[in-house]
Amino acid sequence: QVQLVESGGGLVQAGGSLRLSCAVSGRTLSSYAMGWFRQAPGKEREFVGHITWSSVTTYAESVKGRFTIARDNAKNTVYLQMNSLKPEETAVYYCAAVDSLSKLLRNEYLYWGQGTQVTVSS
């Protein structure tokens, strides 16, 4: 019933910017804290950041100062603004949802999107 759909991925040159979107359907976005993750070929899935119900954000150290997560509850959409992209950040980017603080703290995300490919060329 709850569906997450990422969009906005594509090819960008190193140093460039890209904004990803995650559209939530089935339930209102306001019910969820949202996380962003990425997975490069042959590597483990990596936490990028999350945004709470009250729009408090947390980021992985590797992306602090360059990436920004925002939410627009009226549009049921979460965004990941990525600036100064690096080739090593080429990956499939996923959004995920949790519906309680306990699950957020336990990293127990309930719903996942299918991902969107981001390719950063050198």
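The values are calculated or read from the model by the stated rules, or taken from the named source; none is laboratory data. Owing to the predicted nature of the structure, the values given are computational and were not obtained by experimental measurement. No Cβ is skipped: glycine too gets one built from the backbone with ideal geometry, and neighbour counts run over all protein chains shown. For accessibility, only protein heavy atoms count, side chains too; no ligands or nucleic acids. Shrake-Rupley method; radii C 1.70, N 1.55, O 1.52, S 1.80 Å.
Residues of the range 83-115 that are over 11 Å from TRP36 (Cβ atoms), touching a Ser or Thr at 6+ places or on another chain (Cβ under 7 Å) and hydroxyl-bearing (Ser, Thr, Tyr): THR90 alone. For the range 1-21, which residues satisfy the criterion of being part of a strand (DSSP E or B) and closer than 20 Å to ARG66 by Cβ? GLU6, GLY10, LEU11, VAL12, GLN13, LEU18, ARG19, LEU20, SER21 - these are the residues of the range 1-21 that are part of a strand (DSSP E or B) and closer than 20 Å to ARG66 by Cβ. Going by the structure shown, is LEU20 of a type outside the set (D, E, K, R), open to solvent by less than 40 Å² (accessible area, probe 1.4 Å), within 23 Å of LEU110 (Cβ to Cβ) and modelled with pLDDT of 95 or more? So LEU20 fits the description; yes. Scanning the range 107-122 for residues being open to solvent by 50 Å² or more (accessible area, probe 1.4 Å) and under 22 Å from GLN1 (Cβ atoms) gives a total of 5. Restricted to strands (runs of 3 or more DSSP E) entirely inside the range 30-106, those with at least 2 residues that are surrounded by 13 or more Cβ atoms within 10 Å (Cβ to Cβ) and not polar (S, T, N, Q) are 33-39, 46-51, 67-72, 77-82, 91-98.
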